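The structure appears below as structure tokens.
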Protein chains: 2
Amino acid sequence: MKLKFKLDYTDKKTMARLGTISYNGKTYETPMFMPVGTNATVKTLSPEELKEVGSGIVLANTYHLWLRPGEDIVAKAGNLHKFMNYDGPILTDSGGYQVFSLANPKDINEDGVKFKNHLNGDSLFLTPEKSIEIQQKLGSDIMMSFDECVKWPSTHEYLESSVERTLRWAKRGKDVKVDNDQLLFGIVQGGEYPDLRQHCALELVKMDFDGYSVGGTSVGEDKPTMYKMVEYSTKYLPEDKLRYLMGVGDPIDLIENTMRGIDLFDCVSPTRLARHGHAYTKNGKINIKNSKYKEDFTPIDDTCDCYACENYTKAYVRHLITNNETFGARLLSIHNIYFLHNLMKEIRKNIKNGTMEEYRDNFIKEYYHESK
Amino acid sequence: MKLKFKLDYTDKKTMARLGTISYNGKTYETPMFMPVGTNATVKTLSPEELKEVGSGIVLANTYHLWLRPGEDIVAKAGNLHKFMNYDGPILTDSGGYQVFSLANPKDINEDGVKFKNHLNGDSLFLTPEKSIEIQQKLGSDIMMSFDECVKWPSTHEYLESSVERTLRWAKRGKDVKVDNDQLLFGIVQGGEYPDLRQHCALELVKMDFDGYSVGGTSVGEDKPTMYKMVEYSTKYLPEDKLRYLMGVGDPIDLIENTMRGIDLFDCVSPTRLARHGHAYTKNGKINIKNSKYKEDFTPIDDTCDCYACENYTKAYVRHLITNNETFGARLLSIHNIYFLHNLMKEIRKNIKNGTMEEYRDNFIKEYYHESK
């Protein structure tokens, strides 16, 4: 089955959009946050729990699944859906992000990237074609083109040639894509340079991808720079295709980038924060390990109606996290992912009402409240 | 609310019994296996999952909860039920087992036991009275008397005086028990010596406990010795009271000791084995990490209808365990606990049918099959 996107509405004051994804007999609203299941499992959660907290698309990492268990085993299981028992939509990244973090600059050439397997040190080589071939075996519903993930800051000169290579790589990946139900997204790079972002976006659009991602953010830049990178990209993208901002999950960034025309977000934050005992609340992040929660028999967040908040107290979750009991990380993961899904729901409501700017200002006031 | 036990039936050929526990508007059948929730959580599982796999009584460890979060915090939460959100029956041990494993022989005296806190090395002292006081604050439904857990083998001489002290400690614990709905069990010690087991059992029965445990097993002795220890104890215990064999969970031991009159069992095995990638099957234990399961797309156990076996394959669970994904340990924990609950169901059926001996012989043939 093929995932379909329909743009329903565009905000009059901002670039924010409302859309609908249809997949496997179900519909999902955008803008949407997608939890990350690196190893074909969203850490600590079952597929049923993901659905219960409101997840739609789930992300899986091509690099990790390539190494373990290997794309052939996933293919033999049927596909990623069958392997991990998730019948909602699945998006895979290209592996580029991990590969570039493991490679030396000198090991990047026109053909692809040489790098060391982080598990055993073996030398590996990933190319745009190979990335698509792996993703096709995984059988995800949305695939990513293999792009160069450039560090920040980089010079205009370096990025100029990198963008050209990323465009050539996008074309090469598209050329090996078999005609089937999997969507393939192109990725807009170009750092913080408006001319390069524009050029990259327009060239990708000419190639007619099924959707477009904004890459090269969340690599150490400050928030205003990130927002500019997004703006410089989305304004050249077609209205009727999905736009995905990769690796961004901070609540305020979901709001700000929705206002810049993004439909999809992913980030490991909600589950990673959970494992370290952190929880999102309307009044900012809290660290449940803080001793002030030792005898706090109230929910993680009074205003939340997730499974964790409806059934457990801060004192109990603190006890679990302090004792490395994985049920604690599970409860906080449920809460954190629910929080982000709920935030997206609020965002969608405010797009509909034309109140995104007021919503953002109020959110900032509550979330970063100084007295907390 | 008070937990009540009713003996329904006694096997004609063996000492096996069928009974019913009533608690909080629900009934549970015995013999029963009780999963262990050391830190007020059965590792990796939610209370809902415990109910789904068929758990009734859940065990929690007094020693661990005394240290963290502390019995006063649990009491402030209401009790253990409220703290961990489990409304089924809860049994607590006395803390003795952990304390004796941390103490030097010279630090055991008539008053109690001096030992070092395993978390921070602090010197602590536990007495029979203190153990009951902690368990009362935890608010479990079944409490254990504080007994001396003697290593195996020990001399008749040592055990003779130890049993006398255990009896004095049992009395001291009973004396501080407040009249309420919590049951208190006496613990039969005496090693492998029939005269000491008999003496201990009869003296405890004189004190009229709410139920009786068999202690001093699962400390390194061979299986025939364990079975004798149980036989030497149960035959002196009253028919109408629950009998609990502490720390025993190997499938064959559940069968053999049921045939010797035991109603309740507990063990960390199903969850501990799960974390190490081991699963019970009718044909014996398997190690899911074995490379032969890499492309095995069949359930953990073909004959099992637990959530894990109905939805996931060996290949997937192997992948999760290999990658230290906690969802893997959760799936195996669900399977292993379900396996033991199902085994108890089979046992109860065979008691009813008067076929325990045949059942045991067949089980051994299948479980220890040489070709596996």
*How many residues, within the range A:326-343, are out of contact with any Leu (no Cβ under 9 Å at 6 or more places or on another chain) and within 14 Å of another protein chain (Cβ to nearest Cβ)?*
1
*For B:His64, all conditions in the list (1) within 19 Å of the chain's Cα centre (by Cα); (2) open to solvent by less than 10 Å² (accessible area, probe 1.4 Å) hold save one; what is the number of the exception?*
(2)
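So, in the range B:65-78, how many residues would count as being within 12 Å of another protein chain (Cβ to nearest Cβ), of a type outside the set (Gly, Ala, Ser) and closer than 27 Å to B:Leu245 by Cα?
Matching residues across the range B:65-78 total 4.
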*State whether the residues of the range B:320-337 include one that is open to solvent by 10 Å² or more (accessible area, probe 1.4 Å), at pLDDT 95 or above and in contact with a Cys (Cβ under 6 Å, 6 or more places away or on another chain).*
no
*asked:* Could you tell me how many of the residues in the range A:293-325 are within 11 Å of chain B (Cβ to nearest Cβ) and without any contact (Cβ under 8 Å) to a residue 24 or more places away in the chain?
replied: 14
*Unmet criterion (only one of (1) in contact with a helix residue (DSSP H, G or I) (Cβ under 9 Å, 6 or more places away or on another chain); (2) under 22 Å from B:Tyr212 (Cα atoms)) for B:Phe100*: (1)
_Matching residues in the range A:79-98 - criterion: being aromatic (Phe, Trp, Tyr) and away from chain B (no Cβ under 12 Å)_ = A:Tyr97
*May I ask you to list the residues in the range A:25-64 that are more than 14 Å from every other protein chain (Cβ to nearest Cβ), out of contact with any His (no Cβ under 9 Å at 6 or more places or on another chain) and not aromatic (Phe, Trp, Tyr)?*
A:Gly25, A:Lys26, A:Thr27, A:Glu29, A:Thr30, A:Pro31, A:Met34, A:Ile57, A:Leu59, A:Thr62
*asked:* If B:Asn342 meets every condition in (1) in contact with a His (Cβ under 9 Å, 6 or more places away or on another chain); (2) open to solvent by 20 Å² or more (accessible area, probe 1.4 Å); (3) in contact (Cβ under 8 Å) with a residue 12 or more places away in the chain apart from one, which number is that one?
replied: (1)
*Any strands (runs of 3 or more DSSP E) falling wholly within the range B:82-153 and containing at least 2 residues that are within 28 Å of B:Thr225 (Cα to Cα) and open to solvent by less than 10 Å² (accessible area, probe 1.4 Å)*: B:90-92, B:142-144
*With the condition kept exactly as written, say whether any residue in the range B:344-362 is farther than 17 Å from B:Thr303 by Cβ and either within 14 Å of another protein chain (Cβ to nearest Cβ) or of a type in the set (Ser, Thr, Tyr) (or both).*
yes
*Mind listing just one residue for me: the one in the range B:282-292 that is over 23 Å from A:Asp72 (Cα atoms) and free of Cβ contacts under 8 Å to residues at least 40 places away in the same chain and, of those, farthest from the other protein chains (Cβ to nearest Cβ)?*
B:Lys285
*asked:* I'd like to know if the range A:64-72 contains one or more residues that are touching a Lys or Arg at 6+ places or on another chain (Cβ under 8 Å), in a helix (DSSP H, G or I) and either touching a residue at least 40 places away in the same chain (Cβ under 8 Å) or at negative phi (or both).
replied: yes
*Select, from A:Thr10, A:Thr30, the only residue that is surrounded by fewer than 18 Cβ atoms within 10 Å (Cβ to Cβ) and over 21 Å from A:Arg272 (Cα atoms).*
A:Thr10
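The values are calculated or read from the model by the stated rules, or taken from the named source; none is laboratory data. Quick caveat: nothing in here was measured; it's all calculated off a predicted structure. With ideal geometry, Cβ positions are generated from the backbone for all residues, glycine too; neighbour counts draw on all protein chains shown. Heavy atoms of the whole protein, side chains included, go into the accessibility calculation; ligands, DNA and RNA do not. Shrake-Rupley method; radii C 1.70, N 1.55, O 1.52, S 1.80 Å.
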